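Have a look at the structure below before the remarks.
The values are calculated or read from the model by the stated rules, or taken from the named source; none is laboratory data. Predicted, not measured: the structure shown is a model, and the values here were computed from it. Here Cβ is always computed from backbone atoms with ideal geometry, including for glycine, and neighbour counts include all displayed protein chains. Keep in mind that these areas ignore ligands, DNA and RNA; they rest on the heavy atoms of the full protein, side chains included. Shrake-Rupley method; radii C 1.70, N 1.55, O 1.52, S 1.80 Å.
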Amino acid sequence: GDAFNAIKVKRSQDRIQSLGYFQENFEIKQAEGSGPDRIVLSADVEEKPTGQLSLSGGYSSYEQFILSLSVQQNNFRGMGQSLGAGIDWSRYSRSVQLSFSDPYFLDKQILFGGQIYRRDYNSFNFINGERNGTYGQVSTGGGVRLGFPVNEYANLGLRYSLVTDNISLDEGIYFTDPDGEGPLGAECDPLKAGSYLCNELGDRLTSLVGYSLVYDDTNGIRPTRGQRGALSQDFAGLGGDVRYLRSRANAAKFMGFG
C-alpha cells in the first residue's frame, strides 16, 4: 500500500548487485498490477560462480621454487558465508592461513568472522659466495570480528586479535662480545643491526582490540556514483608486550561520465 518510489527500487537493485552473487545485468522489472494504482516488481536472478581457486608457482635464484595455493568461497552453503584458505611456500618464506565469516550469525543481522595464521620468514645475504641467514621472524596468531549495521549506509565493526612473534638475528653478523666471554656474553650490537631490531629480538605477544566505522552509499561492486569512507583505530596493550595506538582514515568519491 505504500506509494511507489523509483529511488528506493533503484537502491534495492544496487544493494542486491553489491552482494556479488548474481549476474552483472541484474534488473528489477516493473509491470502493471491488478489495477491502475498497483505495480508488480519482479526480478530474475542467476547466481554466478562465487568460488575461486588460485594456484601459482615459480622459480627464483633467491628463493628457488615458489608455490602459492588459495581457495575462496564467498557464498558457502548458499548462505552468504565466506570461507578461505591459503598456503604459500618457498625455501625461506612459508605461511598458512584459514578464515571464515558469516554475515547473518545466529540468523541475526550480525557479522561474525575469524581467522588463524602462521607465517615463517627468513632472509639471508651472500658472503664469499655462501648463503648466510640474517633475519628471521615467526608469527602465529588469530582473531575474531563482529559487524553491526548502524543504518542502511553505515556499519560498525569490532575486532580482537592475539599474535605472537619471534624475531631472531644472526649472532655471527650482528652480535658483539664486549666482555670476551664467548657466545653466552654476546649482545646485539646497535651499530650493526640498528637499535630498533635489537630492541625487538625475542618473543613478543600482541593483544589488539580495534574498531572500524564504514560509510558506503555506492551503487555496486564497480561503483559509478556515491562515496565510501572508513575510520578505524587499533589499540595494542590489552595485555601482551606491545603498546601502540594506530588510527587510519580513507575516503573515495565515485562519479560517472557520459
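What's the longest uninterrupted piece of the chain once you rule out the GluC sites (Glu not before Pro) that are loop residues per DSSP with at most 14 other Cβ within 10 Å?
Of all site-free stretches, the longest is 47-151.
Mind checking Rg over Rh on the stretch 203-249, alpha carbons, Kirkwood formula for Rh?
With Rg and the Kirkwood Rh in hand, the quotient comes to 1.24.
Between (1) 25, 20, 19; (2) 51, 22, 16; (3) 28, 24, 17, which entry matches semi-axes √(5λ) of the Cα gyration tensor in Å as derived from the coordinates of this structure?
(2)
In Å and from the alpha-carbon atoms only, list the Rg and Dmax of the stretch 154-258.
22.6, 76
Tell me the carbon and sulfur percent of the accessible area for the chain, rounded to whole percent, probe radius 1.4 Å.
Accessible surface attributable to carbon and sulfur in the chain totals 56 percent.
Counting other C-beta atoms within 10 Å, and keeping those with at most 11, which DSSP coil trypsin sites (Lys or Arg not before Pro) do you find in the stretch 154-258?
Arg243
Calculate, for the chain, the solvent-accessible area per residue in square angstrom, rolling a 1.4 angstrom probe over the heavy atoms of the protein chains.
67 Å²
May I ask for the angle, rounded to the nearest 10°, between helix 6-18 and the longest principal axis of the chain, with both axes built from Cα atoms and the value confined to 0 to 90°?
Here the helix axis deviates by roughly 30 degrees.
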